[in-house]
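Note sheet for the following structure.
The values are calculated or read from the model by the stated rules, or taken from the named source; none is laboratory data. Just so it is clear, the model here is predicted, and its values are computed rather than measured. Glycine gets a Cβ as well: all are built from the backbone with ideal geometry, and neighbour counts include every protein chain shown.
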Amino acid sequence: MIGWSGWGLAFKFIVFPGFLFSVVVGLVLTWVDRFVSARVQWRKGPPFYQPFADLLKLLLKQTIVPKGASKTIFLCAPILGMASMCITSVLLFYVNFNPQGSFVGDLIVLVYLFALPPLAIIIGASASRNPLSAVGASREMTLYFGYELPFLLAILVPVIKSGGAIRLGDLVTAQQAGGPFLYSVSGVIGALIVLASIQAKLGYVPFDMAEAEQEIMSGVFIEYSGVGLAMFKLMKAMMLFLLPLFLITMFWGGFADWWAIPKFLLIVVLIILIKNTNPRFRIDQALKFFWFLLGGFGILAVILAFSNL
């Protein structure tokens, strides 16, 4: 078996189909999201192939760099976000289907990888030199500082309940042996916090203030076109697929069996329902929601996890 050395990881990244599968399923999920949203609004909705056609159209369009923008940073930002999701997909799939192959601290690595997409959005928007992009970047940064604290507190719950494991493989194995962490009070609280954080990481309503088309005309993405915008769209599509899988891995026993499919579909349905049934928060409301409400529940979940509840 190839170890997790640099060459081994590179080989797995090239030959393992997980990231390609993530791309295809992620684009399909964006169609599901758009179709359901259209039906809720009494519209017909796009055809099945629309996300693929949109991506191809963007890839064929010219990439325009705004005047006065930092060209290198502006063009490298979407590459950073896309690369992080590709590595995340390989890591998640490999660990779930081969728990013994995980390495110490891969959970920490995964947390950092999920932090790179918002960082890429902030960097790219800031480099564009557009005032509306700057407003969007400021909102994205504030939102990130808001949801990351309860998100980390929620992740501590399975770590505590597994006896301090920070290997994804150990977390999956512990749930296979003793049952999913979700089937406890602290697990339910932690999973709901992660679900709310997923909504914010995706930039979906009620946490879409960084784009807010009605206010700042797409904000962080207003200056992006062509390949750069296509990579950001593809990054978001992959996140829509990978974040629910991360939730299943941490709280619901992993996804190495067929039962993971209905679990995954349930989480995606909840994300779409939340998106279509809530108004947009102001950025100060989102910050209070995550820090004071979910932060408090996160501390409670950690205490309950230490109490084995």
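Odds and ends about this structure:
- Here G146, G136 are screened, and the one residue that is touching an Asp or Glu at 6+ places or on another chain (Cβ under 7 Å), among the small types (G, A, S) and in a helix (DSSP H, G or I) is G136.
- P262 surrounded by fewer than 20 Cβ atoms within 10 Å (Cβ to Cβ), in a helix (DSSP H, G or I) and free of Cβ contacts under 8 Å to residues at least 60 places away in the same chain: yes
- Some residue of the stretch 243-251 being assigned to a loop (DSSP other than H, G, I, E, B) and either crowded, with 23+ Cβ neighbours inside 10 Å or touching a strand residue (DSSP E or B) at 6+ places or on another chain (Cβ under 6 Å) (or both): no
- Residue list for the stretch 34-54, restricted to those being surrounded by 15 or more Cβ atoms within 10 Å (Cβ to Cβ) and in a loop (DSSP other than H, G, I, E, B): G45, P46
- Restricting attention to the stretch 176-190, the residues that are within 23 Å of T88 (Cβ to Cβ) and buried (at least 24 other Cβ atoms within 10 Å of the Cβ) add up to 3.
- Flag if A286 is closer than 30 Å to P66 by Cα, buried (at least 19 other Cβ atoms within 10 Å of the Cβ) and under 21 Å from the mean Cα position of the chain (by Cα): no
- A196 vs. criteria surrounded by fewer than 24 Cβ atoms within 10 Å (Cβ to Cβ), among the aliphatic types (A, V, I, L, M), assigned to a helix (DSSP H, G or I) and touching a helix residue (DSSP H, G or I) at 6+ places or on another chain (Cβ under 8 Å): yes
- Pick from the stretch 172-223, criterion in contact with a Gly (Cβ under 7 Å, 6 or more places away or on another chain) and not β-branched (V, I, T), ranking: nearest to F74 (Cα to Cα): G219
- Within the stretch 110-162, the only residue that satisfies the criterion of being acidic (D, E) and without any contact (Cβ under 8 Å) to a residue 60 or more places away in the chain is E148.
- Cβ separations smaller than 6 Å between residues 6+ apart or across chains give the following pairs from the stretch 165-185 residues that are more than 17 Å from L110 (Cβ to Cβ) to residues that are buried (at least 22 other Cβ atoms within 10 Å of the Cβ) and not polar (S, T, N, Q): P180/W252; P180/G253; L182/A191; L182/F251; L182/W252.
- Residue count, the stretch 132-152 (criterion: surrounded by fewer than 22 Cβ atoms within 10 Å (Cβ to Cβ) and more than 28 Å from I222 (Cα to Cα)): 2
- The set of residues from the stretch 73-109 being without any contact (Cβ under 8 Å) to a residue 40 or more places away in the chain and farther than 20 Å from A237 by Cα comprises just one member, V109.
- Residue in the stretch 266-273 that is over 21 Å from S89 (Cα atoms) and in contact (Cβ under 8 Å) with a residue 40 or more places away in the chain present: yes
- Failed criterion for I160 (all others in (1) β-branched (V, I, T); (2) touching a Lys or Arg at 6+ places or on another chain (Cβ under 9 Å); (3) crowded, with 16+ Cβ neighbours inside 10 Å hold): (2)
- Test result for F103, aromatic (F, W, Y) and in a helix (DSSP H, G or I): no
- One residue stands out among those in the stretch 92-125 that are of a type in the set (A, V, I, L, M) and over 29 Å from T142 (Cβ atoms): the one that is modelled with the lowest pLDDT, which is V104.
- Of all residues in the stretch 241-294, exactly one satisfies the criterion of being touching a Gly at 6+ places or on another chain (Cβ under 8 Å) and at positive phi, namely G253.
- Residue within the stretch 73-85 that is surrounded by fewer than 14 Cβ atoms within 10 Å (Cβ to Cβ) and in a helix (DSSP H, G or I) present: no
- Lone unmet requirement of (1) part of a helix (DSSP H, G or I); (2) touching a residue at least 12 places away in the same chain (Cβ under 8 Å) for Q214: (2)
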